[in-house]
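S.K.: Can you read through this structure? Questions will come right after.
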Amino acid sequence: MKQIIFWIGLIFFTGICKAQPLHIHPVPAGLVYPMHNDDFTVWVRTSGGDWQDLFEYKVLVDADNPTPASMVEFDFEGKVEVRVRVNNGMIHRVKIRPDNKGITYILQGDLIFFTLDKPSKLSLEINGDKLHNLHIFANALQQEVPAENDPGVMWFGPGIHIPKDQPGNAFHVPSNTVVYLAPGAVIKGKFVCNRVENVWFVGRGMILEPERGFEITFSRNIEIDGITVINPAHYTVYRGEVTGLRINNLKSFSSTGWGDGIDLMSCSDVTINDVFMRNSDDCIAIYAHRWNFYGDARNYSVTNAILWADVAHPIHIGLHGDITNGGNSIENLHFKNIDILEHDEDDRNYQGCIAFSVSDCNWVQDVSFENIHIDDIQEGQLFNLRVLFNEKYSYGPGCGIKDIRFKDIYYNGYGANPSVIEGYSEQESIEDISFENIVINGKRITSLQEGDIRVGNYVKNVTLK
């Protein structure tokens, strides 16, 4: 038996998962017809083993024109072979992204073969079609599985689970709880944590078409690990005044307005790792005060993330704050090893793969971006750093932006509009912005002009090396 030790020292006993090297998730019978997409047929096997058929889920993407894409998911260790049959149309081109994962394939007629030797989150695209693509989530085997009758465990086994006799079509989770979603568990509702602490959501189950996936407010020490959220009406993860938040191996799709991925208001001490967010609004948004949430936002680490914004920003920082009390600080944010697969935004006011829209007297400082790979985007900007007054969402301009560092940024494409750096006034300005090793279409830029980075008014000390 292995122990999970919570942050306050509570101990839950769990069994070590004795799964085979390849684990196929069961599918509840009630989902087979409405949730299947037959654009692809997908099999997986261990080396020399029998091919096992996967269930191809239908997931809607892109709020501009909601379109059914496909998704498969399984767990493994060691090495597996994947076989994909394309069921509709001829194959002229195959692309498996992110490119830097280096996945090579063999094409035989309408079949595509490739091998995986580590957990991966991939998009397989035929003939350049990013809307009807196949998403492949190959998870590591789950090592720790709580027993159904363990104290402090909410256990959801394979099947469809609908909240009953609970307000807001939600499962309300108390403090000191492990919430386990087994492979094949499907939640038709949201999870709510309000004024609680020490909660761990874990497993390989999914949350299907909820209002929100996770609604976490006024809480501390919350973890989400391994869950998939499909097509919420609103945010995937909605957080306000949370301290001590960990998100790992979260997968998300959305196709509606306000369909943000991870939106955090006045949250601090946050770790986000190994996520795949395909959203029709901001994928990751970091704000201060909004609605009834108050306080600064500090100490973020975002690593190994794949972000796909069909609409709006992959990364957005700084829009909301507490202007009535002099604003808030948003600081010590660090992003590393990020793949941005899309950014498509018509409105110039909301462009930027990496965007700072600093309003409401907010002060943003000490933010770094390192090893960021950006694929060709449909429409938008690479960088957008502004102190501004957004009259639609804010009540006044921001106070300033300082000490923002970009290192090892790679862009391959031609869809980007000029990047913008611009302050609001002499007092509400931007200073100390550094760029190091910015590579566009294989060429390291040697000037801001060469990178199409335009520096406007009220900006001091922008460097490139």
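S.K.: Just a yes or no: is a residue in region 333-340 assigned to a loop (DSSP other than H, G, I, E, B), modelled with pLDDT of 95 or more and hydrophobic (A, V, I, L, M, F, W, C)? Show your work before the answer.
M.R.: Narrowing region 333-340 to residues assigned to a loop (DSSP other than H, G, I, E, B): none.
Among the residues of region 333-340, not one is assigned to a loop (DSSP other than H, G, I, E, B), modelled with pLDDT of 95 or more and hydrophobic (A, V, I, L, M, F, W, C), which makes the answer no.
S.K.: Only one residue in GLY257, GLY295, GLY327, GLY321 is touching a His at 6+ places or on another chain (Cβ under 6 Å), touching a residue at least 40 places away in the same chain (Cβ under 8 Å) and part of a loop (DSSP other than H, G, I, E, B). Which one?
M.R.: The unique qualifying residue is GLY321.
S.K.: Please determine, by comparing only the residues of region 21-52 that are surrounded by 15 or more Cβ atoms within 10 Å (Cβ to Cβ) and polar (S, T, N, Q), which one is nearest to HIS132 (Cα to Cα).
M.R.: ASN37
S.K.: Please enumerate the residues belonging to region 258-289 that are on the phi > 0 side of the Ramachandran plot and surrounded by 24 or more Cβ atoms within 10 Å (Cβ to Cβ).
M.R.: Hit for region 258-289 is SER266, nothing else.
S.K.: Hey, another quick one. What number goes with the only condition from (1) surrounded by fewer than 24 Cβ atoms within 10 Å (Cβ to Cβ); (2) of a type in the set (S, T, N, Q); (3) farther than 18 Å from ILE306 by Cα that SER359 does not pass?
M.R.: Of (1) surrounded by fewer than 24 Cβ atoms within 10 Å (Cβ to Cβ); (2) of a type in the set (S, T, N, Q); (3) farther than 18 Å from ILE306 by Cα, only one is false for SER359: (1).
S.K.: Within region 75-94, is even one residue basic (Lys, Arg), open to solvent by 20 Å² or more (accessible area, probe 1.4 Å), at pLDDT 95 or above and within 21 Å of PHE253 (Cα to Cα)?
M.R.: Scanning region 75-94, I find no residue that is basic (Lys, Arg), open to solvent by 20 Å² or more (accessible area, probe 1.4 Å), at pLDDT 95 or above and within 21 Å of PHE253 (Cα to Cα), so the answer is no.
S.K.: Going by the structure shown, is TYR393 of a type in the set (Ser, Thr, Tyr) and over 19 Å from GLY318 (Cα atoms)?
M.R.: Answer is no for this residue.
S.K.: Right, here's the next one. Would you check if ILE112 is open to solvent by less than 10 Å² (accessible area, probe 1.4 Å), farther than 18 Å from PHE276 by Cβ and of a type outside the set (Asp, Glu)?
M.R.: On the way: open to solvent by less than 10 Å² (accessible area, probe 1.4 Å): yes; farther than 18 Å from PHE276 by Cβ: yes; of a type outside the set (Asp, Glu): yes.
When the stated conditions are applied, ILE112 passes them.
S.K.: Scan region 191-213 residue by residue and report those that are more than 23 Å from PHE74 (Cα to Cα) and either touching an Asp or Glu at 6+ places or on another chain (Cβ under 6 Å) or not in a strand (DSSP E or B) (or both).
M.R.: The answer is VAL192, ARG195, VAL196, GLU211, ARG212.
S.K.: Which ones in region 217-245 are over 19 Å from TYR287 (Cβ atoms) and open to solvent by 10 Å² or more (accessible area, probe 1.4 Å)?
M.R.: Correct list: ASN221, GLU223, ASP225, ASN231, ALA233.
S.K.: A further question follows. Is it true that some residue in region 420-433 is polar (S, T, N, Q) and touching a residue at least 60 places away in the same chain (Cβ under 8 Å)?
M.R.: For region 420-433, residues polar (S, T, N, Q) and touching a residue at least 60 places away in the same chain (Cβ under 8 Å): absent.
S.K.: Next up: Is it true that LEU60 is at pLDDT 95 or above, in contact with a strand residue (DSSP E or B) (Cβ under 8 Å, 6 or more places away or on another chain), in a strand (DSSP E or B) and surrounded by fewer than 17 Cβ atoms within 10 Å (Cβ to Cβ)?
M.R.: Considered against the rule, which asks whether it is at pLDDT 95 or above, in contact with a strand residue (DSSP E or B) (Cβ under 8 Å, 6 or more places away or on another chain), in a strand (DSSP E or B) and surrounded by fewer than 17 Cβ atoms within 10 Å (Cβ to Cβ), LEU60 comes out as no.
S.K.: Output the residues belonging to region 124-160 that are open to solvent by 40 Å² or more (accessible area, probe 1.4 Å), at pLDDT below 95 and either of a type in the set (Phe, Trp, Tyr) or within 25 Å of LEU31 (Cβ to Cβ) (or both).
M.R.: GLU148
S.K.: Would you mind listing the strands (runs of 3 or more DSSP E) fully within region 378-461 where at least 2 residues are at negative phi, open to solvent by 20 Å² or more (accessible area, probe 1.4 Å) and touching a helix residue (DSSP H, G or I) at 6+ places or on another chain (Cβ under 7 Å)?
M.R.: So the answer is none; nothing clears 2.
S.K.: Please list, ordered by first then second residue, the pairs with beta carbon atoms under 8 Å, 6 or more apart or interchain, first in region 64-77 and more than 15 Å from ASP53 (Cα to Cα), second polar (S, T, N, Q) and buried (at least 20 other Cβ atoms within 10 Å of the Cβ).
M.R.: Once the first residue is more than 15 Å from ASP53 (Cα to Cα) and sits in region 64-77, its partners that are polar (S, T, N, Q) and buried (at least 20 other Cβ atoms within 10 Å of the Cβ) give ASP64/SER280; PRO66/SER255; THR67/SER255; ALA69/ASN133.
The values are calculated or read from the model by the stated rules, or taken from the named source; none is laboratory data. Because the structure is a prediction, the values reported are computed rather than measured. Note: ideal-geometry Cβ built from the backbone for every residue, glycine included; neighbour counts use all protein chains shown. Only protein heavy atoms, including side chains, enter the accessible area calculation; ligands, DNA and RNA are left aside. Shrake-Rupley method; radii C 1.70, N 1.55, O 1.52, S 1.80 Å.
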